[in-house]
Amino acid sequence: MKGDSFKILTGFFIGAMGGLLAGLLIAPESGSDTRKKISKTASQFKDDLQELAEETIESAKKSLSESVDELLKTQKDKVKLKS
């Protein structure tokens, strides 16, 4: 379920950035103004994408850590039962 939410959020984010970029390209402004806006948008997109990647990595680390802890607890309980 978490994977589906991530895919939807990522798709929405990429679509929004694509729409914004397309809007900038068809806007009736000078080339230098448009290039500045594209550069600013690309920089913001990179920062947002990096933040999303960092959050995803932290979430995966936490999930993995919780899974390992649960596995260790289960194994300890099994050893206690055998004793």
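The values are calculated or read from the model by the stated rules, or taken from the named source; none is laboratory data. Everything quoted here is computed from the prediction, not taken from an experiment. FYI the Cβ positions are ideal-geometry reconstructions off the backbone, even for glycines, and counts take in every protein chain you see.
Which of the residues spanning segment 10-37 are farther than 28 Å from GLU54 by Cβ and touching an Asp or Glu at 6+ places or on another chain (Cβ under 9 Å)?
ALA27, the sole residue that qualifies.
Kindly list, by first and then second residue, each pair from a residue in segment 26-46 that is among the hydroxyl-bearing types (Ser, Thr, Tyr) to a residue that is in a helix (DSSP H, G or I), limited to pairs with Cβ atoms under 8 Å and residues at least 6 apart or on different chains.
That search, which allows pairs on different chains as well, returns THR34/LEU24; THR34/LEU25; THR41/MET17; THR41/LEU20; THR41/LEU21; THR41/LEU24.
Please go through segment 40-83 and give me each residue that is surrounded by fewer than 10 Cβ atoms within 10 Å (Cβ to Cβ) and either among the aromatic types (Phe, Trp, Tyr) or within 17 Å of the chain's Cα centre (by Cα) (or both), ordered by number.
none
Hey, does segment 3-21 have a residue that's part of a loop (DSSP other than H, G, I, E, B) and out of contact with any Lys or Arg (no Cβ under 8 Å at 6 or more places or on another chain)?
Filtering segment 3-21 for residues part of a loop (DSSP other than H, G, I, E, B) gives none.
No: zero hits.
Can you find a residue that is at pLDDT 85 or above and more than 24 Å from the chain's Cα centre (by Cα) anywhere in segment 6-25?
No - not one qualifying residue is present in segment 6-25.
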